Amino acid sequence: MRVIDLTRLLPGAYATLLLANLGADVIKVEDPQGGDGMRSLGARVTPSHYAGDTTATYFDLLNRGKRSVTLDLRHPEAAAVLDALLAQADVVVDSFRPSTARRLGVDAARLRSRRPRLICASMTGFGQAGPYAERAAHDINYQALAGLLDPPALPGPLIGDVGAAMQTAIGILAALVERQQSGEGSIVEVPIHEAALAWSMFPTTGDLEGACYTIYQTADGEWLALGALEEKFWRGFCERIGRTDLVPLRHATGDEGARVMGDVRAIMRSRTRAEWLATFADADVCLTPIHTPAEVAVDPHVVSRRDRLQPDTITDRRTAPALGADTDAVLGRAGIGPEQRERLRRLRVI
């Protein structure tokens, strides 16, 4: 499967990374003047658990195993170059606002009118229509509008961006199955705002919170997370802390709930995190330490899973491509010869 990736920044890059990890040939089309804006974001990510790289940038992590082609989609001659790429592609993914996609000539309706078998996936902020369709926004805005930042707080994980990426990859895979049956491509539309809204459909931590589902501080200032929602887990927890009288009270509310919570907090502050982990080492109660990123990197399970991934599995460990590194190879295969490529370079199309 060949994917032409016209996206920018995190959501689209993660969607096509998922496809690349499954074996797709992902060709990342970037502006010749600087490329994807994420290339210039210098923040380092520590750690990159599965890649074994503790100093990678977000761009490195999101674009491993892809190929890079430079093409200025705004140039009048870019359309013919893109069409040559699409002639050999199964999927095209973009992340433009609807009006921008139309202006660049990469909207799904136009592309599929020329190539009916093409699967066109569009990741927009707010969809193709509606009052917000042309608004600029980022993950923090989608989460805010989805009610996920109430009470007001800075977001943690980029759940709108990542959720939309996953939905896009799933939609593309479904469209490929459909094409095997019908012979026709499809349009996959994923608004990131609606991906964030999906998270509000389910109970939040606040809805579940009680003595059986919360975090506890230990004597050394560290923290443990308890997820003993089921009676069997809560019972096992209460037995280990010596308070079997609390077994019937895992869902206690009001003053009684506050008393149970206070009692358990006091007990958990009586020992260090290491002592509690030793106490619960062989207990099946959903109790885990709250790890720092550095601790995640050396977690024995994470290390074990990373070591099990071999280069010949679906996870591609190649590095992210340099800007335009594959332009000649990809365009040459698409029928654009050396002389034409040189002319396009002089015109700054590629």
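The values are calculated or read from the model by the stated rules, or taken from the named source; none is laboratory data. Remember, it's a predicted structure, so these values are computed and weren't measured experimentally. Cβ: placed from backbone, ideal geometry, glycine included. Neighbour counts: every protein chain shown. Heavy atoms of the whole protein, side chains included, go into the accessibility calculation; ligands, DNA and RNA do not. Shrake-Rupley method; radii C 1.70, N 1.55, O 1.52, S 1.80 Å.
Structure above, values below:
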{"read-out": "Residue tally, condition aliphatic (A, V, I, L, M), open to solvent by 20 Å² or more (accessible area, probe 1.4 Å) and more than 19 Å from R179 (Cβ to Cβ), over the stretch 85-122", "value": "1"}
{"read-out": "Only listed residue being under 20 Å from I290 (Cβ atoms) and either open to solvent by 60 Å² or more (accessible area, probe 1.4 Å) or of a type in the set (D, E) (or both), chosen from W223, W199", "value": "W223"}
{"read-out": "Among (1) open to solvent by 20 Å² or more (accessible area, probe 1.4 Å); (2) small (G, A, S); (3) closer than 15 Å to K28 by Cα - the single one S68 does not satisfy", "value": "(1)"}
{"read-out": "Criterion violated by L277 - all others in (1) in a helix (DSSP H, G or I); (2) surrounded by 13 or more Cβ atoms within 10 Å (Cβ to Cβ); (3) more than 35 Å from the chain's Cα centre (by Cα) satisfied", "value": "(3)"}
{"read-out": "Members of the stretch 285-305 found to be surrounded by 10 or more Cβ atoms within 10 Å (Cβ to Cβ) and outside any helix (DSSP H, G or I), listed by number", "value": "V285, C286, L287, T288, P289, I290, H291, D299"}
{"read-out": "Number of positions in the stretch 214-225 that are assigned to a strand (DSSP E or B), more than 17 Å from A281 (Cα to Cα) and not hydroxyl-bearing (S, T, Y)", "value": "2"}
{"read-out": "Residues located in the stretch 226-243, provided they are modelled with pLDDT of 95 or more, loosely packed, with under 14 Cβ neighbours inside 10 Å and not in a helix (DSSP H, G or I)", "value": "G242"}
{"read-out": "Pairs with Cβ under 6 Å, 6+ apart, first in the stretch 94-116 and without any contact (Cβ under 8 Å) to a residue 60 or more places away in the chain and more than 21 Å from L9 (Cβ to Cβ), second small (G, A, S) and open to solvent by 50 Å² or more (accessible area, probe 1.4 Å)", "value": "G105/A79"}
{"read-out": "Positions within the stretch 329-350 being open to solvent by 40 Å² or more (accessible area, probe 1.4 Å), in contact with a helix residue (DSSP H, G or I) (Cβ under 8 Å, 6 or more places away or on another chain) and either among the small types (G, A, S) or at pLDDT below 95 (or both), in sequence order", "value": "G335"}
